[in-house]
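*Asks:* After the C-alpha cells below, expect a handful of questions from me.
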Amino acid sequence: MSDNRIYQSYQPLPPIVPVSSSPKPARAAANQPAAGTSFNQILDQELAGVTFSKHALQRLNSRKIQLDSSQLNQLSQAIDKAAQKGAKESLIIMDNNLAFVVSVKNKTVITAVDGASGAGNVFTNIDSAVII
C-alpha cells in the first residue's frame, strides 16, 4: 500500500496578521442645520452652546418665538445650573413667559412653549425645573 499524501503538493498558509481598524469618518449630516434656519440663528446657537431639536425649531417658528442673544445666554446658564445639580431632563421657565424642556446632558432644547399655548399643559419626563 502506498501513501498518496506524500506526493501531494502543499501550499504554505500565509501568516495571520491582525487587521487594524481605521477611524471612521465623521458624518457630515449630523452637523447640518435644519432647513429654514437663518445664519444668525445658527450663529447664536453656536455661541450659546445650546442646540435646538427639529421639533423645538418647528415650535419656535409656529408660535413666532424669537430669542435674542441675552435670552440664549440665560438659557445656557440655566442649563449649566441644572447640570451642576445632576439633572438630566429639565423644564426651564423664563421670565418672558417662555418654557423649554431641555436635555441637560446634550444641551439641546427638546420643545418650546409660550405663555398662550402653555396654559394647562402637563410636562412629563423631567427631573428638575429651573426658573429664571
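*Asks:* Collect the residues in the range 66-89 that are outside any helix (DSSP H, G or I) and crowded, with 16+ Cβ neighbours inside 10 Å, keeping them in residue-number order.
*Replies:* LEU67, ALA87, GLU89, listed by residue number.
*Asks:* Just wondering, is there one or more residues in the range 68-76 that are modelled with pLDDT under 95, of a type in the set (A, V, I, L, M, F, W, C) and within 16 Å of ALA129 (Cα to Cα)? First the steps, then the outcome.
*Replies:* Applying the first criterion (modelled with pLDDT under 95) to the range 68-76 yields 68-76.
When the remaining residues are screened for being of a type in the set (A, V, I, L, M, F, W, C), the result is 72, 75.
Checking which are within 16 Å of ALA129 (Cα to Cα) leaves us with 75.
The answer is yes; a qualifying residue exists.
*Asks:* Any chance you could count how many residues in the range 103-126 are in a strand (DSSP E or B) and either aliphatic (A, V, I, L, M) or touching a Leu at 6+ places or on another chain (Cβ under 8 Å) (or both)?
*Replies:* Looking only at that region, the number is 5.
*Asks:* If you take the residues of the range 79-132 that are touching a Ser or Thr at 6+ places or on another chain (Cβ under 8 Å) and charged (D, E, K, R), which of them is nearest to SER69 (Cα to Cα)?
*Replies:* Within the range 79-132, the subset touching a Ser or Thr at 6+ places or on another chain (Cβ under 8 Å) is 79, 82, 85, 87-91, 100-102, 104, 106-111, 126-130.
If we keep only those that are charged (D, E, K, R) too, we end up with 85, 88-89, 107, 127.
Details: LYS85: 25, LYS88: 24, GLU89: 23, LYS107: 16, ASP127: 27 Å.
Applying the filter and picking the extreme gives LYS107.
*Asks:* For the range 90-102, enumerate the residues that are modelled with pLDDT of 90 or more and assigned to a loop (DSSP other than H, G, I, E, B).
*Replies:* Keep residues of the range 90-102 that are modelled with pLDDT of 90 or more, which gives 90-94, 98-102.
Selection gives MET94 alone.
*Asks:* Has the range 12-27 got any residue that is surrounded by 10 or more Cβ atoms within 10 Å (Cβ to Cβ), of a type in the set (D, E, K, R) and either modelled with pLDDT under 70 or not in a helix (DSSP H, G or I) (or both)?
*Replies:* Here is the first cut: in the range 12-27, the residues surrounded by 10 or more Cβ atoms within 10 Å (Cβ to Cβ) are none.
The answer is no, given that none of the residues of the range 12-27 is surrounded by 10 or more Cβ atoms within 10 Å (Cβ to Cβ), of a type in the set (D, E, K, R) and either modelled with pLDDT under 70 or not in a helix (DSSP H, G or I) (or both).
*Asks:* Another question, if that's okay. Condition test on ILE110, is it touching a His at 6+ places or on another chain (Cβ under 9 Å), more than 18 Å from ILE42 (Cβ to Cβ), surrounded by 14 or more Cβ atoms within 10 Å (Cβ to Cβ) and of a type in the set (A, V, I, L, M)?
*Replies:* Numbers: touching a His at 6+ places or on another chain (Cβ under 9 Å): yes; more than 18 Å from ILE42 (Cβ to Cβ): yes; surrounded by 14 or more Cβ atoms within 10 Å (Cβ to Cβ): yes; of a type in the set (A, V, I, L, M): yes.
Considered against the rule, which asks whether it is touching a His at 6+ places or on another chain (Cβ under 9 Å), more than 18 Å from ILE42 (Cβ to Cβ), surrounded by 14 or more Cβ atoms within 10 Å (Cβ to Cβ) and of a type in the set (A, V, I, L, M), ILE110 comes out as yes.
The values are calculated or read from the model by the stated rules, or taken from the named source; none is laboratory data. Quick caveat: nothing in here was measured; it's all calculated off a predicted structure. Cβ atoms come from the backbone with ideal geometry, glycine included; neighbour counts cover every protein chain shown.
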